Amino acid sequence: EIPIIVGGGIRDAATAKEKLEAGADIIVTGNVLKNKDGIGIMKEIAAAVKNY
């Protein structure tokens, strides 16, 4: 099985969850950390992924 890796445009927990629901195995984030609230947003994304 080839994992589906999705990245780009994932700037919030809702979008991350959307990608998982669409079949993504791995979510890639990066630029969200450039945001002044990046750490907080990453925590929200991590919680959404963990609770999926």
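Descriptive notes on the structure:
- Angle between the chain longest axis and helix 38-50 axis [Cα atoms, degrees, rounded to 10]: 30
- Distance (nanometres) between label positions extended 7 Å along Cα→Cβ at A22 and K43: 2.8
- Mean Cα-pair separation over length for the chain, i.e. relative contact order, pairs under 8 Å, 6 or more apart, %: 43
- Selection among I26, A46, A14 by position relative to the dipole of the range 5-50 gives A46 as farthest towards the positive end (Cβ unit charges, Cα centre).
- In this structure the amide hydrogen of G7, modeled in the peptide plane, comes within under 5 Å of the amide hydrogens of V28, none closer than 5 places in sequence on its chain.
- The packing ranking, built from the mean of other Cβ atoms within 10 Å per residue, places the peptides 21-27, 34-40 in the order 21-27, 34-40, highest first.
- Cα-Cα pairs of the chain separated by more than 19 Å (percent): 20
- Extension gain for the segment D12 to N31, taken as residue separation times 0.36 nm less the Cα-Cα distance, is 5.7 nm to one decimal.
Read-outs: derived from the displayed coordinates by stated rules, not from any lab. Since the model is a prediction, treat every value here as computed from it, not as a measurement. Counting neighbours? That spans all protein chains shown, and the Cβs are built from the backbone with ideal geometry, glycine included.
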